[in-house]
Amino acid sequence: MIYEVSVGERRLRVDVASDGRFQVDEHIVAAEIAETARGRQWSVRIAGRSHEVTVLTHDPVRLLVDGREAEASALDERTAASARGASAARGGRHELRAPMPGLLKTVHVAEGDVIERDAPMMTLEAMKMENELLAPARGRVVRLAVSAGTKVEGGAILAVLEESE
Amino acid sequence: MRIIRACHELGIRAVAVFSDADRGALHVRLADEAYPIGPAAPRESYLAIGKLVAVARRAECDAVHPGYGFLAENADFADAVRDAGLVFVGPPGEVQRRLGEKTQARRLARDAGVPVADGTLAPLRDLDQARREAKRIGYPVMLKAAAGGGGKGMRAVGSAAELDAAWRLSSGEAAGAFGSEALFVEKLIEHARHVEMQILADAHGGAVWLGERDCSIQRRNQKLIEESPGPSVDDALRERLGDAALRIVRSAGYVNAGTVEFLVDERGSFSFLEVNTRLQVEHPLTELVTGLDIVALQLRIAAGEPLPFAQGDVRCRGAAIELRVTAEDAPRGFVPATGRIALLREPAGPGVRVDSGLFEGLAVTSDYDPLLMKVIAHGVDRNEALARARRAVRETIVAGLPTSLAFHAHVLDEPDFVAGRYDTGYVATHWPPRTPAELDESQITAAALVAVLAARRRAARRPVASPDGAWSRAGREEALR
């Protein structure tokens with residue numbers, strides 16, 4: 001199967017043959033690979049060079065390569081192609097997400113409110129600091145997903161805003 | 001953990017307390033006895049003075065060490081411990097009160113002949129007074145909580161236009177963190193270094209300083225890297241800082257270990273910032289450089305013993321650097337991160353000390369401070385300490401959640417830091433790096449192969465529609481992780 005891979009800024013095509021051999025872009029790679037922690041870490045030897053690669057996080061994929069961190073992704077060709085098709089954004093709808101885990105201290109808006117871009121929508125307490133979350137666009141608050149006093153995880157949807165002129 | 005280690009070396013039995021979130025924590029397992037004190041929320045456990053004192057009495061403790069978070073600088077806790085007939089390992093409540101209210105501490109320092117930055121010497125009454133005082137001192141100013149430190153409620157204010165919003169946010173934070181929304185302003189000293197002096201004082205009037213730590217590498221006023229000695233501090237400045245620290249210690253009637261914090265400007269003149277009336281997170285630096293065990297000395301001082309050495313006996317050898325590895329996503333502006341430690345390798349080897357409570361499987365939540373592990377490197381000089389720190393970071397693996405390690409790896413190779421040229425503005429001007437760390441061709445290939453292998457593993461683990469036991473296979477794989 002062929003994968004479209006990114007490592008940092010680099011884009012590569014990796015072909016994994018059924019016998020387990022790799023082709024990276026145009027080159028057949030003779031790599032000796034040992035999985036040193038299941039699903040997490042591999043020791044890779046290429047032409048005598050010894051690399052230790054650890055999967056630090058899965059989503060997004062962040063790798064530790066010989067002590068250096070790098071973002072990476074690997075999609076098989078079919079998934080990559082369908083992802084490109086679906087990426088046309090649903091215009092006009094904005095989600096306000098928690099930038100970090102914390103305690104939602106105050107909600108400054110109500111459902112139905114029409115607010116300006118950059119208007120404070122909520123105050124999130126995290127890291128002993130209070131952070132004001134601002135409206136990503138001018139529009140109407142169509143949904144409030146949380147109320148004040150709630151503990152939220154990083155990335156949680158807090159509100160949905162429908163853009164208006 | 002740190003306290004339990006000192007107790008065990010001195011032949012003292014250690015009793016730990018834990019919240020529901022910490023049942024499996026390392027300090028619970030290493031302590032001789034451990035008692036639950038309630039739910040994860042600190043207010044109902046680690047900040048519940050009544051519960052803590054009750055546990056100490058029930059377990060027939062002789063003394064209580066408050067650690068360096070939560071109630072470590074709470075005078076009421078020190079009083080409650082004393083009133084229960086127990087010894088508090090730290091300065092008495094009245095001394096903490098004298099220094100804990102920051103404007104009062106500023107007055108005390110000024111009266112002791114120690115320079116303080118221009119600013120208010122009493123808490124501000126209202127926003128109007130803040131406006132007048134800030135104008136008199138001249139922007140930029142720092143708005144700070146009068147009741148506490150640690151960066152909480154603290155904000156730099158560049159101009160009068162920013163003051164209203166800063167006032168609102170800071171008083172809210174101060175009220176939440178310290179139960180008092182009182183604020184004060186002082187002149188913001190630009191390009192300053194945060195330099196602090198470790199002191200020890202016994203109950204018999206003996207007091208010594210143990211050298212300084214430069215803690216200028218901070219973000220959001222929270223320290224990330226500290227070192228001792230400070231690269232900008234020469235012998236003459238060190239003497240003057242030590243002398244100033246001891247004046248404050250004597251005039252406050254201080255007992256036990258403490259830290260006097262200063263700001264040092266580009267010309268080497270300094271002003272008093274505050275006193276931390278507790279053990280500091282970065283105390284290992286001083287331990288490595290002086291060869292002393294500060295926690296053991298805290299326990300001996302609390303037991304009424306005089307300091308076993310004089311100022312002239314204190315010798316600083318070599319240099320040490322501490323890295324605070326935190327559960328924060330450094331490449332994404334240090335946003336707090338949570339997750340489960342999936343794979344862990346702590347560094348070791350010559351000149352490397354690790355103070356850590358991590359283990360594989362530990363769930364890192366947003367309940368408490370994001371500090372995961374401290375890596376402290378010591379060498380005969382700053383170059384060797386730096387080399388060991390770099391080597392230690394390269395060995396370290398904390399997988400399962402984003403951490404600050406990429407920041408540490410970058411800074412240890414960054415020319416300004418390597419040259420010792422930095423101040424409290426360093427992180428803002430040097431992170432994220434303009435050019436990310438580069439991998440060579442062989443490393444990129446290895447990374448690409450692993451990205452594919454990891455994706456295939458994940459895809460294989462995902463339960464598929466076939467009813468032939470895919471779920472149970474996935475379950476088994478989960479269990480094997």
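Laboratory data are not the source of any read-out in this text; all were calculated from the coordinates shown. Values in this document were obtained by computation on a predicted structure and should not be read as measured data. Counting neighbours? That spans all protein chains shown, and the Cβs are built from the backbone with ideal geometry, glycine included.
Fully extending the segment from A:Asp25 to A:Ala137 would add 36.1 nm, taking 0.36 nm per residue of separation and subtracting the current Cα-Cα distance.
Per residue of A:35-48, other chain Cβ atoms within 10 Å of the residue Cβ number 5 on average. Within chain A, the percentage of alpha carbon pairs spaced more than 20 angstrom apart rounds to 66%.
Under the shape rule built on the C-alpha gyration tensor, where the axes satisfy a ≥ b ≥ c, region B:2-96 is oblate, since a/c reaches at least 1.5 while a/b does not exceed b/c. Principal-axis analysis of the Cα atoms of chain A puts helix A:77-86 at an angle of about 20° to the longest axis.
For region B:304-398, chymotrypsin sites (Phe, Trp or Tyr not before Pro) are listed when DSSP marks them as loop and at most 15 other Cβ atoms sit within 10 Å of their Cβ; the list is B:Phe309, B:Phe359.
Each Lys and Arg contributes +1 and each Asp and Glu -1, all at the Cβ; summed about the Cα centre of the protein assembly as shown, the dipole is approximately 660 debye. Shown for chain B are the DSSP H helices of 18 Å or more along their axis, judged by Cα atoms, with a mean Kyte-Doolittle hydropathy of at least -0.5: B:160-178, B:235-252, B:441-461. Taking a ≥ b ≥ c as the square roots of the eigenvalues of the Cα gyration tensor, region B:118-187 is classed as prolate, since a/c reaches at least 1.5 and a/b is larger than b/c.
Please pull out the direction-averaged projected area of the protein assembly as shown, using the convex hull of its alpha-carbon atoms, in nm² to one decimal place.
32.5
Indicate the gyration tensor shape class of region B:193-430 (rounded, prolate or oblate), computed on the Cα atoms with a ≥ b ≥ c the square roots of the eigenvalues: a/c under 1.5 is rounded; otherwise a/b larger than b/c is prolate and the rest oblate. Note, shape of region B:193-430 comes out prolate. Taking 0.692 mPa s as the viscosity and 37 °C as the temperature, the Stokes-Einstein diffusion coefficient of chain B based on its alpha-carbon Kirkwood radius rounds to 136 µm²/s. Beyond 23 Å, the tail of the calculated P(r) for region B:284-398 holds 44 percent of the Cα pairs. Of B:Lys51/B:Lys144; A:Lys105/B:Lys152; B:Lys144/B:Lys223, which ones are farther than 27 Å apart at the Cα? Result: B:Lys51/B:Lys144 exceed 27 Å. Between the alpha-carbon centres of region B:114-186 and region A:106-165 there is a gap of 27 Å.
Only helices enter the 222 nm calculation for the protein assembly as shown: every DSSP H run of n ≥ 4 contributes -39,500 (n - 2.57), and dividing by all residues gives -8500 deg cm²/dmol, rounded to 500.
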